[in-house]
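Chemist: This is the structure, below, for whatever I ask next.
The values are calculated or read from the model by the stated rules, or taken from the named source; none is laboratory data. It should be emphasised that the depicted structure is a prediction, and the values quoted were computed from it without experimental measurement. Note that each Cβ is placed from the backbone with ideal geometry, even for glycine, and that neighbours are counted across all protein chains shown. We work out accessible area using only protein heavy atoms, side chains counted, and drop any ligands, DNA or RNA first. Shrake-Rupley method; radii C 1.70, N 1.55, O 1.52, S 1.80 Å.
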Amino acid sequence: MRMIKPNVYSVGSIDFDARLFDRLIPLPDGTSYNSYLVRGNEKVALLDTVDPAKTKVLLNNLVKLGIDKIDYVIAHHAEQDHSGSLPDVLLIYPDAKVVTNPKCKGMLIDLLGIEDDKFITVEDGETLSLGDKTLQFVYLPWVHWPETMGTYLKEDKILFSCDFFGAHLASSSLFVEDEAVVYESAKRYYAEIMMPFRRQINTNLAKLSNLDIEIIAPSHGPVHNRPKFIVDAYKDWTSETVKNEVVMAYVSMHGSTAKMVSYFVEALMDRGITVRQFELSTVDIGKLAMALVDAATVVIGSPTVLIGPHPCAAYAAFLVNALRPKTKFASIIGSYSWGSKMVEQLTGMMSNLKAEILEPVLAKGEPRESDFAALDRLADEILAKHKEVGITN
Ligand code: FEO
């Protein structure tokens, strides 16, 4: 339990040991499930709860603060890492009402079976007085679910932003200590869950520009006491601008595709293009997702397995398709021994990607001179395309 400002406390849980989120997302630096308590001179509000595995931590923090009555539990988001302790909180604080928007209310009923009469629903921009403190609700759809909202605490100029501006980062510091470290974690978090909604996130950024914000308190990671840092980072990530970078994501079985990747990466570097190379059987998908935030081009490298792509390459294509990065160009390189429909299958799997597909390069067996020449041709084409969109030096 830590104090952000007088009568505003962080009461959630820091999980230094967490290493996997949703059985999918690596957490190299742990995470936190932030819950906040705002004590007005008339009413008390708890903003979000924590993951159900950490309910005791939240409840102990409330006991330490001497909280014997909660009037409102503000539910910004129905996903269980923030709502999961809600049933226990309502058991212990039976007079508390759940304050949320109508969409989130429906989800909380579906996910947690909370009774209809426990809710107070609020509209976008509506306020709720706690006496000497005023909560204003701000709908923030698609960061990364449709029902998400934030709360602006007017008197203290604090925005409680839920997942928006968050970071999977366990830290004993309440506030951001090292912006470079938080930047990495926040970018990883944005890449993994928010990138597909970057246009809606841009709209939310514009909406927040009307508020005078001194502190951003997200639901994961440290609290931002220099909000410009994280807001500017989000503006960059969600902009239309791409960088002179190629993401080269590949897997190889007997070395043919690996030889092609090695030659191709060198060819790109010779042309002044930054390359982010990932071996897909060992990749940290968070790092791959982060690289996709900025890259102008993505190339998938795969051998042929049973006519199609290697499953690791198929997984990468599925991920790229789901994350919908702003990548402008894409291609495929790889190899086959006796027949392949890999290019058609991989291209079909990336149909969400609004990228121009550049002519792939497939080697039959070991790559030969003609294959290396084709890789040079692809590197030339990528350079020309990057020049067309004005991102080369
Ligand atoms: Fe941190 Fe979307 O929950």
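Chemist: Give me the number: length gained by fully extending Leu111 to Glu42, i.e. 0.36 nm times residue separation minus the C-alpha to C-alpha distance, one decimal in nm.
Modeler: Additional length available on full extension: 21.7 nm.
Chemist: Further question on the same structure: State the answer as a single residue: which of Leu169, Tyr190, Val50 lies farthest towards the positive end of the charge dipole of the chain, with beta carbon charges of +1 for Lys and Arg and -1 for Asp and Glu, about the Cα centre.
Modeler: Positive-most Cα among the choices belongs to Tyr190.
Chemist: Working with all protein chains in place, sort Phe165, Phe372 by solvent-accessible area computed with a 1.4 Å probe, largest first.
Modeler: These residues rank, largest area first, as Phe372, Phe165.
Chemist: So what's the angle, to the nearest 10 degrees on a 0 to 90 scale, between helix 102-112 and the longest Cα principal axis of the chain?
Modeler: Tilt of helix 102-112: around 90 degrees.
Chemist: Nearest 10 degrees is fine. How inclined is helix 256-270 to the longest principal axis of the chain, computing both from alpha carbons?
Modeler: 80 degrees
Chemist: Apply the a/c threshold of 1.5 to the C-alpha gyration tensor of region 1-54 and tell me whether it is rounded, prolate or oblate.
Modeler: Prolate, because a/c is 1.5 or more and a/b exceeds b/c.
Chemist: Using protein chains only and a probe of 1.4 angstrom, how many square angstrom of Lys364 are accessible, to the nearest 10?
Modeler: 120 Å²
Chemist: Taking the simple approach of a point 7 Å from Cα along Cα-to-Cβ for both Val389 and Thr203, what is their distance in nm?
Modeler: 2.3 nm
Chemist: Lysines near Lys157 by alpha-carbon distance under 19 Å, same-chain residues fewer than 8 away left out - which ones?
Modeler: Cross-link targets: Lys5, Lys43, Lys133, Lys207, Lys228.
Chemist: With Rg and the Kirkwood Rh both taken from Cα atoms, where does Rg over Rh land for region 243-388?
Modeler: Result for region 243-388 is an Rg/Rh of 0.92.
Chemist: Another question, if that's okay. Dipole of region 243-388, Cα-centred, from +1 at each Lys and Arg C-beta and -1 at each Asp and Glu C-beta, to the nearest 20 debye?
Modeler: Its charge dipole is roughly 380 debye.
Chemist: Given Cα positions, please report Rg to Rh for the chain, the hydrodynamic radius being the Kirkwood one.
Modeler: Result: Rg/Rh = 1.06.
Chemist: Shifting gears a bit: Val181 to Glu126: extension gain in nm, 0.36 nm per residue of separation minus the Cα-Cα distance?
Modeler: 16.3 nm
Chemist: Sort region 149-195 into rounded, prolate or oblate with this rule: let a ≥ b ≥ c be the square roots of the eigenvalues of the Cα gyration tensor; rounded if a/c is under 1.5, and if a/c is not under 1.5, prolate when a/b is larger than b/c, oblate otherwise.
Modeler: In terms of gyration-tensor shape, oblate.
Chemist: Hey, another quick one. Percent antiparallel among DSSP beta bridges with both residues in the chain, to the nearest 5?
Modeler: In the chain, approximately 45 percent of DSSP beta bridges are antiparallel ones.
Chemist: I need the per residue convex hull volume for region 1-118, using only the alpha carbons, in cubic angstrom as a whole number.
Modeler: 109 Å³
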